[in-house]
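What follows is a set of notes on a single structure, which appears directly below.
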Amino acid sequence: MKQIAIYGKGGIGKSTISSNLSAAFSKKDKRVLQIGCDPKHDSTRLLLGGRKINTVLDYIREVAPDKYRLNDILWRGYNGIHCVEAGGPNPGVGCAGRGILTTFDLLERFNIKNKNYDIVLYDVLGDVVCGGFAVPLRHEYADEVYIVTSGEFMSIYAANNILRGLRNYDGTMKRVGGLIFNKRGVEKEEERIKRFADAVKLPICQVFPRSNEFTYSEKIGLPLVEIEESKVSYGFLNLADKIIEDTMLYEALPLTDEKLEEVVLQRKEKSFLYKNKIEEKVKKEEIEEEDLLEEFLSKNVLLREPLHGCAFNGGVNVAIQIEDAVTIAHGPRSCAHISYQTITSVGRRGFFERGELMPVQINPSLVSSEMNEGVMVFGGTDALKKTIKRVEEKGKALFVITTCPAGIIGDDVDSVKEMSRVDKPIIPIKTDGNITGDYLQGMIKAYIQIAKGLIKRDVIKKENTVNILSEKFISRNTEKNFNTMKEILEFIGVSINCRFICKTRVEDIENFMSANLNILAHDDYMGRLMKKFFQDEYNAKFFKTPFPIGFSDTKQWIKEISKYFNKEELVKDLIIGYEEEYKKEIEKIKPYLIGKKIMIITYNHQLDWILETLIHLQMDIVKVCVLNFCGDNLFKSRFENMLNIELKYNQDKRLQDIKSLKPDIIISNYATSNLDENAVVDTIPMCPDAGFFSGLNLAKRWAGLFKLNLKEGWRKDEKLFCKYYSR
């Protein structure tokens with residue numbers, strides 16, 4: 001069996017050449033299968049008397065997989081030629097290239113190559129930039145590749161591009177049969193084709209004239225070899241003979257764009273676009289300030305770090321925090337399922353291990369548009385609109401978050417905004433799976449699009465109210481911290497207007513601008529980015545410090561927030577009370593910790609809350625090791641010049657440092673089993689508790705261990721295990 005791929009620019013006449021060539025093969029008593037790989041699905045029309053057949057992709061869309069039958073997609077045409085059409089979506093939607101992949105996969109499952117064909121001919125669109133249309137170039141398909149071209153420059157340009165694609169697959173392997181010259185009647189096209197053929201070292205296998213015979217053939221629905229008086233038919237019979245014989249094959253030797261212009265157009269100089277280097281780029285002074293690209297990017301995207309999670313999942317985790325909205329995952333059901341399980345696992349674990357009820361995490365309002373392979377090919381906008389219709393009454397707002405497949409095929413999700421009502425906004429959040437970036441990038445996109453889609457600018461201002469931004473909604477102490485800050489604010493007569501975005505409602509976000517002041521929960525990379533966005537977009541005013549962590553920060557924070565709202569007198573006694581309690585607790589545990597060596601290995605970039613407590617306890621801080629962290633990039637400490645601090649710490653140094661420094665206590669974000677067994681090991685929270693006693697509560701645990709003189713017995717399990725099994 002010989003497999004032939006016929007490539008060429010769209011509209012160059014590939015289907016006409018392919019059909020007539022297949023007919024010529026059949027006249028040579030060859031058993032032929034022609035597979036049309038063009039979304040127009042008209043490759044085999046001439047062989048079928050002008051009829052259009054059911055395409056593979058239409059068939060897949062309409063028939064259940066367990067009902068697939070080869071004879072439903074395989075059609076008998078002129079002189080026994082078997083015909084298959086891949087088909088594709090309507091222009092502007094879906095992914096035609098994905099359709100070709102789907103078609104070839106189904107034909108392979110039917111073992112179509114084992115049907116005793118002498119010739120399999122693939123008629124392929126010349127867009128080899130698309131992986132789908134390049135499939136016939138793969139070695140398991142095309143033995144020989146022929147390129148149809150005319151003397152028009154863009155046709156030759158496409159031919160050269162096809163050679164590039166083939167070169168990428170083959171390197172120096174020889175699989176090109178040559179050029180098929182289909183004349184278009186342009187000036188000097190014979191000379192152009194000859195120069196191109198010589199430059200790429202390919203033969204012109206056959207020349208077909210511009211002839212009315214082609215028009216007549218299509219009119220009566222018969223190939224040229226069936227028309228007795230046809231002169232052009234001899235060219236197809238001659239080409240069929242050449243291909244049937246063991247013809248010489250050639251290496252793909254594409255030209256550079258500059259060389260192609262020089263050869264085909266005989267343009268010795270570079271075109272005017274490149275003559276003047278000053279004109280290659282627009283002058284800096286010509287660019288208006290608003291034309292400069294300014295995006296809000298995660299640290300991962302900005303620094304080209306490895307992906308930390310998926311943007312789709314990040315977007316979903318933000319959107320589901322709005323309790324009276326519905327989030328639609330536009331993509332395969334599996335994407336929504338994985339995201340759902342990720343979200344609910346946090347809620348289930350919190351409930352079963354700590355008795356914490358997190359309704360949003362246990363039962364998120366998340367549905368899927370259930371994109372399948374057919375939808376990927378034909379476009380998913382219609383399926384998405386049906387999903388919206390089905391769930392729109394269940395939420396006061398709908399968020400559409402895109403997965404990788406939706407992004408790859410370029411689904412027009414913005415079109416669903418037309419379905420929005422005044423009381424029911426529909427907000428697309430185009431995360432495109434992980435195409436746009438990592439988990440944090442998805443969160444950023446969700447925050448921004450939800451803000452732009454819901455926040456009303458003209459709302460009534462409320463005195464003594466604040467908004468809280470950038471809470472960590474999957475942290476176990478988020479609610480505890482929120483309630484701590486709420487209690488402090490209520491003490492001075494200030495209420496919380498909106499939590500953006502954590503356990504909130506559509507109405508709260510709509511009225512975001514009612515509050516005159518905004519407070520960040522965390523002054524990390526995400527918090528600073530959100531602050532910049534709201535300042536730029538809404539001219540929002542922010543309190544200068546985030547939620548306070550540790551004694552000194554909390555004391556100062558309360559003083560400043562009470563001063564902002566002119567309530568200083570209210571907090572004097574409050575601060576004195578906490579100060580006395582803090583000092584009393586320090587003195588109580590200091591005897592057990594004073595002089596103890598402690599080593600910190602952490603992703604946290606803000607550590608003063610714990611460092612302050614350790615200094616108050618007169619502990620020996622032997623080293624502070626700050627790891628690179630996807631969530632922040634700005635370490636700062638008022639104790640920086642007093643301590644041994646190493647930024648961008650390498651984990652490989654951990655054991656060596658522990659061995660040399662001999663700490664009594666090691667704290668890190670994640671406990672490991674290969675640390676010094678003589679040290680007490682504890683975890684430092686990624687999101688510490690807000691308030692006066694953040695560091696103190698952590699230190700109390702260590703004091704308790706030293707007070708009881710306990711050893712961490714689990715470390716000896718390995719020795720017991722080895723001793724038992726060595727008997």
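The values are calculated or read from the model by the stated rules, or taken from the named source; none is laboratory data. Just so it is clear, the model here is predicted, and its values are computed rather than measured. Neighbour counts are summed over all protein chains in view; Cβ atoms, including those assigned to glycine, are modelled from backbone coordinates with ideal geometry.
The table below gives the values:
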{"item": "Qualifying residues in region 504-549 (those that are closer than 24 Å to ALA325 by Cα and among the polar types (S, T, N, Q)) - the one farthest from the chain's Cα centre (by Cα)", "result": "SER514"}
{"item": "Residue that is of a type in the set (Asp, Glu), within 24 Å of TYR78 (Cα to Cα), assigned by TED's automatic domain parsing to the domain that holds SER43 and touching a Gly at 6+ places or on another chain (Cβ under 7 Å), where the choices are GLU218, GLU144, GLU213, GLU189", "result": "GLU144"}
{"item": "Residue in region 463-478 that is assigned by TED's automatic domain parsing to the domain that holds GLN535, farther than 30 Å from LEU574 by Cβ and out of contact with any Cys (no Cβ under 7 Å at 6 or more places or on another chain) present", "result": "yes"}
{"item": "Any hit, region 9-16, residues being among the charged types (D, E, K, R), free of Cβ contacts under 8 Å to residues at least 60 places away in the same chain and touching a Leu at 6+ places or on another chain (Cβ under 9 Å)", "result": "no"}
{"item": "Scope region 378-397; condition under 17 Å from ALA325 (Cβ atoms) and either over 21 Å from the mean Cα position of the chain (by Cα) or of a type in the set (Ser, Thr, Tyr) (or both); matching residues", "result": "THR387, ILE388, LYS389, ARG390, VAL391, GLU392, GLU393, LYS394, GLY395, LYS396, ALA397"}
{"item": "Residue within region 412-426 that is in the same structural domain as VAL346 (by TED's automatic domain parsing) and either on the phi > 0 side of the Ramachandran plot or within 15 Å of the chain's Cα centre (by Cα) (or both) present", "result": "no"}
{"item": "All positions within region 427-439 that are in contact with a Leu (Cβ under 9 Å, 6 or more places away or on another chain) and either of a type in the set (A, V, I, L, M, F, W, C) or not assigned by TED's automatic domain parsing to the domain that holds SER369 (or both)", "result": "ILE427"}
{"item": "Selection from region 104-154 of residues that are within 30 Å of LYS194 (Cβ to Cβ), modelled with pLDDT of 85 or more and part of a helix (DSSP H, G or I)", "result": "PHE153, MET154"}
{"item": "Condition met for ALA199 (touching a helix residue (DSSP H, G or I) at 6+ places or on another chain (Cβ under 6 Å) and either without any contact (Cβ under 8 Å) to a residue 40 or more places away in the chain or farther than 14 Å from LEU21 by Cα (or both))", "result": "yes"}
{"item": "Those residues of region 417-457 which are under 17 Å from LYS394 (Cα atoms) and among the β-branched types (Val, Ile, Thr), in sequence order", "result": "VAL422, ILE426, ILE427"}
{"item": "Filter result (surrounded by fewer than 20 Cβ atoms within 10 Å (Cβ to Cβ), polar (S, T, N, Q) and not in a helix (DSSP H, G or I)) within region 159-188", "result": "THR172"}
{"item": "Single condition LYS555 does not satisfy, out of (1) under 27 Å from the mean Cα position of the chain (by Cα); (2) farther than 27 Å from GLY395 by Cα; (3) surrounded by fewer than 22 Cβ atoms within 10 Å (Cβ to Cβ)", "result": "(1)"}
{"item": "Wholly enclosed helices (runs of 4 or more DSSP H) of region 283-355 bearing at least 2 residues closer than 20 Å to ARG528 by Cα and modelled with pLDDT of 70 or more", "result": "311-319"}
{"item": "Region 590-607: number of residues that are in a helix (DSSP H, G or I) and surrounded by 20 or more Cβ atoms within 10 Å (Cβ to Cβ)", "result": "1"}
{"item": "Sole residue being crowded, with 17+ Cβ neighbours inside 10 Å, in a helix (DSSP H, G or I) and of a type in the set (Gly, Ala, Ser), chosen from SER43, SER15", "result": "SER15"}
{"item": "So TRP557, is it farther than 26 Å from LEU705 by Cβ, aromatic (Phe, Trp, Tyr) and either touching a Lys or Arg at 6+ places or on another chain (Cβ under 7 Å) or assigned to a helix (DSSP H, G or I) (or both)", "result": "yes"}
{"item": "Residue check, ASN71 part of a helix (DSSP H, G or I), out of contact with any Asp or Glu (no Cβ under 8 Å at 6 or more places or on another chain) and under 15 Å from LEU121 (Cβ atoms)", "result": "no"}
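Condition check ((1) part of a helix (DSSP H, G or I); (2) more than 32 Å from the chain's Cα centre (by Cα); (3) not hydroxyl-bearing (Ser, Thr, Tyr)) across all residues:
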site: LYS472; (1), (2), (3): no, no, yes
site: ARG476; (1), (2), (3): no, no, yes
site: LEU489; (1), (2), (3): yes, yes, yes
site: ASN497; (1), (2), (3): no, yes, yes
site: CYS502; (1), (2), (3): no, no, yes
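Residues are listed down the side, and each one gets a yes or a no for (1) within 16 Å of PHE296 (Cα to Cα); (2) buried (at least 21 other Cβ atoms within 10 Å of the Cβ):
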residue: VAL413; (1), (2): no, yes
residue: ASP423; (1), (2): no, no
residue: MET443; (1), (2): yes, yes
residue: ILE450; (1), (2): yes, yes
